Structures are given as structure tokens and as C-alpha cells.
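Remarks on the structure that follows.
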């Protein structure tokens, strides 16, 4: 059935469409670098979406919980064995994603008789300074996007993840203009919340929507925060401790939110 | 992190066990227990504890853990600045007497085990789980002990926040049996002297060990190690000419504090020397 190349391409296209539809309702995650670290944030989820992977590496993910769990376990296993046999400094997010996760996700996606990974992940590795922070977004087909400066794009100290491409692009456009990497934690928190709100509005509005008005973002944010909790975690830049990941409670964040 | 290593493991039964993961990847050798010696062949004997002295006791500010700095091989001093009091996580210390190569590797496995558990299971390992994890490592190492090449006898000190917040102290034998100490623990070749002193202090000293202030506790620890070194050549005690002091760490609710050498030196000068 799949012997013909055309059929294979068709099967892959169908599969892509199916996965995109499955991921579409996934609530956004924003990761923004600031002076003292990297903040991961999402709002209102019952299932945990932000995870510690290794000393300096964190992950946020949307998708099927079973697939997220398998990928998360694989990432932790790889990082832990590398850190154990060599040292924590030898654990590199770039290698973890490029050489280990991405090829596996790609082949699962393209082997049309097997099940693909229904997951989209955002990884970050905190550096000594904001311009050494690394963000990698990994798609279900193994595709990788970085925050690094390429010919088409200036380097940026943030990355986002959302259910749809449009939602993600609106969030990115917002952070690109509204956010400075050397910001304080408070500024990072509020920028991440605004970015989340913009992504969330876009998901709810469905097709064809642009950047919402400032007032609309603010209103949406307030409505959501009135009923939902914030899930957040930081990777701290402070080099005095080995383990940089720390999850933040909703209550310790509320007082820092601009009302 | 070679490519082949991501044959994702579907078997989740041992997912939280880091040593099991290492073994699966061929990164942790299990000690083989040699066959029992046949009648007539001379039986190899092993010393139950190897050179060093480490001690720990509970005082008013938590648990104090101290260790001398000497590493020996037979009657040779190999190193005079060895650190045998190792931080495993924010609230746990493993102090080691025994073969350094095995002990340090064990500490490394333990440290990674606790982190691996927290990351995969999304919760901190319980104190009982941690105590048991070390016990299991010792048990797995027993083949080397029988062969006479890898004896490790550790002390484990930690702070338990559940259900009742308190400092906890354990000592082990080389087979992995764990014993919870109410007041104090000591192992290593200088152990008899130290145990005598701690027993004496706790029962007939001006205060029990539990009531000691930090300064008094440091003083007791230094005196005990100095006494051990007096009769045991494998214990460094305090090197007066080289100004090498024991490593002293304190476990409390706030975490682990390493006492700076200047502070130890001051107490030593005032109450010991």
C-alpha cells in the first residue's frame, strides 16, 4: 500500500494533519530569559506541564500525557547517565535534542505503520549570561527550532510553545517587541503572562485573528487568573548551586503580578 | 549520549531506580560473590573497617558530622587532605570509612539516585527511601568486600521534614544493615576511642550531646578525633604543624553548613591544643 512514494507522502500528510488537530487545543507555554535565569510559565492546567530534566535543563510540553512521559523519561535518563559518567558540565541540551530525541521522533513520525509521538516540547538550558541561554523547540516530527541567531532571525532570549502555529507566532511577535532579556524577574513574569494570554486568546478565537489590543490581553489575563492557577518554574543563573531548577508556587507569584 | 542509547525503554518497572538504569547500560558493575573457599585452602580474611575515623552526633543545632583527612594504603600515608564527609543532597551527608575508590563512587551513585528519583517521580525521595538506597548499594558491593578489596562502612546523616521535623542519623555495616543512632555514631579504625569518648560525654559530661552548642560540639568532635589519632596511625586527627583540620559539616533544617577552617582552628586553639 505504501510502496509508491506518492502514497507515502500522502500518508505522512494525513498524519501531520491528524497530529496538528490533536495538539491544537494545547495551552501555551512561555519561556523567557531574564537577568537571573529563565522563567517557564503556563496557566490553568490540571496536569503538570513543566518539568526538571537536569541541573540546568528544563522542559515544557503539550500533547498526549503518555508520549510526553516517555520522552521526558528518555531525556532524564540520557542526561543523568551522561552527568554520572562524565560531569554535569558535559550534559548538553543541544546534543540531547539533536542527536537523541529528534532522530527518534522523526523515525516514529515517518514509519507510518507505527504510532508517532503526539508531543511538542520546549527545552531550555540556562547559561552563565542571557546570551548563552539556549532554547529548543522540538516538534512531533523531530523538527527543531532554536532561539539562536541565524541568517533569517536575530538571536532572542525567549521561546514559546502553543497548540497552533498562529498562536505561537503571535506570542513570539509580542515578546520580540515587548521584552528585554536583561529584565527583572517581575518584568519577565508579567511579559510571560501577557504572552500566554495572547496565545490563549488566539487558540480560543480559532482561525484568522491578529494581535489583540492591549486592553483585551489585560482583561483576558485577569479573567483567567481569577479562576486558574499559574504553573511556573525557573532555571536560576546563580552558579553557587548545582541544581538550578526550582518550581514556583502560585501564591509566591500572585503578589508580583501587575493588576 | 550516543544515538543508539535512545531505544526508549518500555519497561517502567524499575524506572525510578538509578543503579538499575546504570546496570542496564553497562555503567555499573555488580560485584560477584566468589565461591566459598574449599576446606584446606587458606581463607582470606578482611578487616571489617578500614583506616580513617569518622563520627557524627546530634547536638542542639542538628547533626554534626566530622572526619579526619588522612588516606592510607597499608602503612603509607597517601594523602593528607582527603574529604570523607560528602554532601549528597541539600540535607544529606554521607561520611565514609573504607576504600576511597568504592566509597566515592558509591556517594556519586547515591547523589545521582536521589536526583534521578526526584526528576522522574516528581517528588523528593523519602528519608526511609534514601537510607534504604544506601543500604542496597552496600549490599550490591558485598562481593568486593568478601574479596577483601572494597569495604565501605558509611554514616548517613539527614534532616527529615516529615512527619516530625528532626535530624536523623544512621550507621551501616559492610553488608548493608542499617542502624538508626539515637545520639551518636562512629566508624573507621579509630572508632573504639571515639565511641568511648562520645559515650562518656553523653552520660557523664557536663551536658548531654543533645544539649551542646555548636562551639561545644565542635570541641568534642576535635578532641575525639585527636584522641583517635593518638593511638591509630591511620587517622590524621589534627595536623598541628601542617595546619590541617578535620572536615566538619552540620545538617540542620536549613540544610548543610560546612564549617570554615578558620572557625575550626579557633575552637581547636582555644579548647583542644
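The values are calculated or read from the model by the stated rules, or taken from the named source; none is laboratory data. Since the structure is predicted, the reported quantities are computational estimates derived from the model, not experimental observations. Virtual Cβ from ideal backbone geometry, glycine too; neighbours counted across all protein chains shown.
Listed here are the residues, each with its yes/no results for (1) at pLDDT 80 or above; (2) within 23 Å of the chain's Cα centre (by Cα); (3) within 13 Å of chain A (Cβ to nearest Cβ).
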position	(1), (2), (3)
B:2	no, no, yes
B:6	no, no, yes
B:18	yes, yes, yes
B:24	yes, no, yes
B:28	yes, yes, yes
B:36	no, no, no
B:42	no, no, no
B:61	yes, yes, no
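The residue list A:124, A:145 contains one member that is free of Cβ contacts under 8 Å to residues at least 40 places away in the same chain, under 29 Å from residue A:204 (Cα atoms) and either touching a helix residue (DSSP H, G or I) at 6+ places or on another chain (Cβ under 7 Å) or in a strand (DSSP E or B) (or both), which is A:145. Going through segment B:115-129 one residue at a time, which ones are in contact with a strand residue (DSSP E or B) (Cβ under 7 Å, 6 or more places away or on another chain) and away from chain A (no Cβ under 14 Å)? Within segment B:115-129, just B:127 meets the criteria. Can you tell me which of (1) more than 10 Å from chain B (Cβ to nearest Cβ); (2) modelled with pLDDT of 95 or more is the one residue A:54 doesn't meet? All conditions pass for residue A:54, except number (1).
Could we say that residue A:124 is more than 7 Å from chain B (Cβ to nearest Cβ) and in contact with a strand residue (DSSP E or B) (Cβ under 6 Å, 6 or more places away or on another chain) here? Yes: the conditions hold for residue A:124. Checked against (1) touching a residue at least 12 places away in the same chain (Cβ under 8 Å); (2) touching a strand residue (DSSP E or B) at 6+ places or on another chain (Cβ under 8 Å); (3) surrounded by 14 or more Cβ atoms within 10 Å (Cβ to Cβ), residue B:211 passes all but condition (3). A count restricted to segment B:147-178 and to residues that are closer than 30 Å to residue B:35 by Cβ and either crowded, with 21+ Cβ neighbours inside 10 Å or without any contact (Cβ under 8 Å) to a residue 40 or more places away in the chain (or both) stands at 8. Within this structure, residue A:96 passes the test of being assigned to a helix (DSSP H, G or I), surrounded by 22 or more Cβ atoms within 10 Å (Cβ to Cβ), at pLDDT 95 or above and under 18 Å from the mean Cα position of the chain (by Cα).
Scan B:110, B:134 and give me the residue that is part of a helix (DSSP H, G or I), more than 22 Å from residue B:74 (Cβ to Cβ) and more than 14 Å from every other protein chain (Cβ to nearest Cβ).
B:134
Considering segment A:226-246, and only residues there that are in contact (Cβ under 8 Å) with a residue 12 or more places away in the chain and assigned to a loop (DSSP other than H, G, I, E, B), the residue that is nearest to the other protein chains (Cβ to nearest Cβ) turns out to be A:243.
Only one entry of A:33, A:26 meets the criterion of being closer than 19 Å to residue A:137 by Cβ and in a loop (DSSP other than H, G, I, E, B), and that entry is A:26. Of all positions in segment B:141-148, none carries a residue that is out of contact with any helix residue (DSSP H, G or I) (no Cβ under 8 Å at 6 or more places or on another chain) and modelled with pLDDT of 90 or more.
Being within 18 Å of residue A:162 (Cβ to Cβ), modelled with pLDDT under 95 and away from chain B (no Cβ under 14 Å) is a property that residue A:25 has.
Which residues, counting only those in segment B:111-135, are surrounded by fewer than 16 Cβ atoms within 10 Å (Cβ to Cβ) and either without any contact (Cβ under 8 Å) to a residue 60 or more places away in the chain or touching a helix residue (DSSP H, G or I) at 6+ places or on another chain (Cβ under 8 Å) (or both)? Answer for segment B:111-135, where residues must be surrounded by fewer than 16 Cβ atoms within 10 Å (Cβ to Cβ) and either without any contact (Cβ under 8 Å) to a residue 60 or more places away in the chain or touching a helix residue (DSSP H, G or I) at 6+ places or on another chain (Cβ under 8 Å) (or both): B:122, B:123, B:126, B:128, B:129, B:132.
Go through segment B:72-98 and count every residue that is within 25 Å of residue A:88 (Cβ to Cβ) and either more than 12 Å from every other protein chain (Cβ to nearest Cβ) or in contact with a helix residue (DSSP H, G or I) (Cβ under 9 Å, 6 or more places away or on another chain) (or both).
Residues of segment B:72-98 within 25 Å of residue A:88 (Cβ to Cβ): B:79, B:81-96.
If we keep only those that are either more than 12 Å from every other protein chain (Cβ to nearest Cβ) or in contact with a helix residue (DSSP H, G or I) (Cβ under 9 Å, 6 or more places away or on another chain) (or both) as well, we get B:79, B:81-89, B:91-96.
Within segment B:72-98, residues that are within 25 Å of residue A:88 (Cβ to Cβ) and either more than 12 Å from every other protein chain (Cβ to nearest Cβ) or in contact with a helix residue (DSSP H, G or I) (Cβ under 9 Å, 6 or more places away or on another chain) (or both) number 16.
Output the residue which, of all residues in segment B:228-273 that are in a helix (DSSP H, G or I) and in contact with a strand residue (DSSP E or B) (Cβ under 7 Å, 6 or more places away or on another chain), is farthest from residue B:64 (Cα to Cα). Don't jump to the end; show me each part of the working.
Initially, segment B:228-273 is screened for residues in a helix (DSSP H, G or I), giving B:228-231, B:261-271.
Next, only the ones that are in contact with a strand residue (DSSP E or B) (Cβ under 7 Å, 6 or more places away or on another chain) stay: B:228, B:264.
Details: B:228: 17, B:264: 13 Å.
So the residue we want is B:228.
So which of B:169, B:198 ends up being closer than 16 Å to residue B:54 by Cα and in a strand (DSSP E or B)? First the steps, then the outcome.
Numbers: B:198 fails: in a strand (DSSP E or B).
After ruling out the rest, the residue left standing is B:169.
Of the residues making up segment A:100-116, those that are in contact with a helix residue (DSSP H, G or I) (Cβ under 6 Å, 6 or more places away or on another chain) and facing chain B (nearest Cβ under 10 Å) are A:100, A:104. With respect to residue A:88, determine if the residue is surrounded by fewer than 22 Cβ atoms within 10 Å (Cβ to Cβ), under 23 Å from residue B:115 (Cβ atoms) and out of contact with any helix residue (DSSP H, G or I) (no Cβ under 6 Å at 6 or more places or on another chain). Against the criterion (surrounded by fewer than 22 Cβ atoms within 10 Å (Cβ to Cβ), under 23 Å from residue B:115 (Cβ atoms) and out of contact with any helix residue (DSSP H, G or I) (no Cβ under 6 Å at 6 or more places or on another chain)), residue A:88 qualifies. Screening A:223, A:252, A:259 for residues that are in a loop (DSSP other than H, G, I, E, B) and either at positive phi or exposed (fewer than 14 other Cβ atoms within 10 Å of the Cβ) (or both) leaves exactly one candidate, A:259.
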